[in-house]
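Since the structure comes first, as structure tokens, the remarks are kept for the end.
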Amino acid sequence: MNTRSLLSGMAIGAVAAMILDPSRGARRRALFRDKAVLATRKTGDAVDTTMRDLANRTRGFAAETRGWIAERAVDDERLLERVRARLGRVSSHPRAIDVEVQGGQVTLRGPVLSAEAQDLLSMAAGVRGVRSVINELEPHDSPEGVPALQGGGRVAGPRLDLLQSHWAPATRALVGAAALAAGGLAVAYTRR
């Protein structure tokens, strides 16, 4: 008899003794059933959340793609909101920056840290619908002496989920599926 069979038999026997125990077996079976029901419910919730997240991301990606392909004229108010929405990703003090839009031309004004100025201009130029960017920013090497740059501002960080510390449900599912596929390919390749 090999060791694996012996250990498997011992484990099966221990589980059977715990579950079939006349004095505490009913309680253990109820606990096991409750944990199985909870695990099933949590798995269902996670699958539902992941599917909704994936569907929303797919719709968003399709809308963004249609927007880049169609190239419709964008009104100044919408363009202003697009630029303001992205300021926090490249600026530690986005409220210090005044954004003005006129005829697709974006003007950026206000105090900004020198290290962030170029990223701000690049971000504004990359917004869909922007025709040109006018730089009227006041770069400062440090926030000292500039009231608008005081406080613990922070840059929101990357938009790409893979670079964030907390992944969205769809990202977790896709990365997990890719890892499983890569592992399967590696196993298949080594068996050759």
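Among the residues of region 162-171, are any out of contact with any Pro (no Cβ under 8 Å at 6 or more places or on another chain), farther than 28 Å from residue 69 by Cβ and of a type in the set (Ser, Thr, Tyr)?
yes
Is it the case that some residue within region 55-74 is closer than 30 Å to residue 143 by Cα and under 22 Å from the mean Cα position of the chain (by Cα)?
no
Would you mind listing the strands (runs of 3 or more DSSP E) fully within region 42-155 where at least 1 residues are within 30 Å of residue 169 (Cβ to Cβ) and modelled with pLDDT of 90 or more?
none
Working only within region 90-147, note down all residues that are surrounded by 13 or more Cβ atoms within 10 Å (Cβ to Cβ) and on the phi > 0 side of the Ramachandran plot.
Across region 90-147, the qualifying residues are 104, 110, 129.
The values are calculated or read from the model by the stated rules, or taken from the named source; none is laboratory data. None of these values were measured; they are calculated from a predicted model. When we count neighbours, we look across all protein chains shown, and the Cβ atoms used for this are built from the backbone with ideal geometry, even at glycine.
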